[in-house]
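Notes to accompany the following structure.
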Amino acid sequence: MMVVVIKYNAGNIYSVVHALRREGVEPLVTDDKELITKADKVIFPGVGEASTTMDYLRKSGLDATIKGLKQPVLGICLGMQLMCRHSDEGNADCLGIFDIDVKKFEPKEREKIPHMGWNQIYGLKSGLMRGIEDNKFVYFVHSYYVPLCAGTIAQTDYIDTFSASLNKDNFYATQFHPEKSGEIGSKILKNFLTL
């Protein structure tokens, strides 16, 4: 099985690579569009800023490549947000795979931004969440969020209730970091690799 991690101008790629190695998979880290298209599974990770990252994806042509993929694709953190229609972060038009806009957290009292640390996911659906019970803890770091929508397959509460994970057709995404989420994150990565 060929698993590709898309290489682009975002951080956090190598923690994903190490997590995949723990699952017995040696991924290929590449920005080669042909190799990405041929892969059995594609992971689109990311830590960074939406507008500059979208500019990079457009200039490199990776935006069209990602949107055209037919195999299972997993977006992580910024990767999930970039799969949405638009982001408040830098007023960025994104890939539009999920028909929903990314919003900035607005504290209601004294909540800290970013939402950082362990939080529970619930309302789990789809093969990505197979075998995971509601209210398990996963690890988040983000200042922007995706509201609940038709594609929501897991939700979390922080300031508002938001989408912790999305799915539409062959596209899956998590706002949390499965590669930093211990046993539950490992199970989610295993589920993705066997979709």
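Is it the case that Ala39 is in contact with a helix residue (DSSP H, G or I) (Cβ under 9 Å, 6 or more places away or on another chain), closer than 17 Å to Thr194 by Cα and open to solvent by less than 40 Å² (accessible area, probe 1.4 Å)?
For Ala39, the condition - in contact with a helix residue (DSSP H, G or I) (Cβ under 9 Å, 6 or more places away or on another chain), closer than 17 Å to Thr194 by Cα and open to solvent by less than 40 Å² (accessible area, probe 1.4 Å) - is not met.
Can you work out which of the residues in the range 131-142 that are of a type outside the set (A, V, I, L, M, F, W, C) and more than 21 Å from Pro45 (Cα to Cα) is most open to solvent (accessible area, probe 1.4 Å)?
Glu133
Hey, can you tell me all the residues within the range 143-164 that are under 14 Å from Ile97 (Cα atoms) and open to solvent by less than 50 Å² (accessible area, probe 1.4 Å)?
Val146, Cys149, Gly151, Thr152
Given (1) open to solvent by 40 Å² or more (accessible area, probe 1.4 Å); (2) in contact with a Lys or Arg (Cβ under 6 Å, 6 or more places away or on another chain); (3) over 17 Å from Phe176 (Cα atoms), where does Leu95 come up short, assuming only one miss?
Leu95 satisfies every listed condition except (1).
Got a sec? Which of Asp134, Asp40, Asp63 is in contact with a strand residue (DSSP E or B) (Cβ under 8 Å, 6 or more places away or on another chain) and over 21 Å from Val17 (Cα atoms)?
Answer to the check: Asp134.
Go through the range 1-21 and give me each residue that's surrounded by 14 or more Cβ atoms within 10 Å (Cβ to Cβ) and either in contact with a Cys (Cβ under 6 Å, 6 or more places away or on another chain) or modelled with pLDDT under 95 (or both).
Lys7, Tyr8, Asn9, Ala10, Asn12, Ile13, Ser15
Considering every residue within the range 68-75, establish whether at least one is surrounded by fewer than 17 Cβ atoms within 10 Å (Cβ to Cβ), in contact with a Lys or Arg (Cβ under 8 Å, 6 or more places away or on another chain) and of a type outside the set (A, V, I, L, M).
Yes, the range 68-75 has at least one match.
Hey, among Ile132, Ile97, Ile76, Ile66, which residue is in contact with a helix residue (DSSP H, G or I) (Cβ under 9 Å, 6 or more places away or on another chain), over 25 Å from Ala10 (Cα atoms) and aliphatic (A, V, I, L, M)?
Matching residue, one of Ile132, Ile97, Ile76, Ile66: Ile132.
What are the residue pairs meeting all of these: first residue in the range 70-97, first residue within 26 Å of Glu34 (Cβ to Cβ), second residue of a type in the set (Val, Ile, Thr) and in a loop (DSSP other than H, G, I, E, B), Cβ atoms under 6 Å, and 6 or more apart or on different chains?
Listed pairs, sorted by first residue: Met83/Ile97.
The values are calculated or read from the model by the stated rules, or taken from the named source; none is laboratory data. Source: prediction; values computed, not measured. We place every Cβ from the backbone using ideal geometry, glycine too, and count neighbours over all the protein chains shown. These area figures cover heavy atoms from the full protein model, side chains too; ligands, DNA and RNA do not enter into them. Shrake-Rupley method; radii C 1.70, N 1.55, O 1.52, S 1.80 Å.
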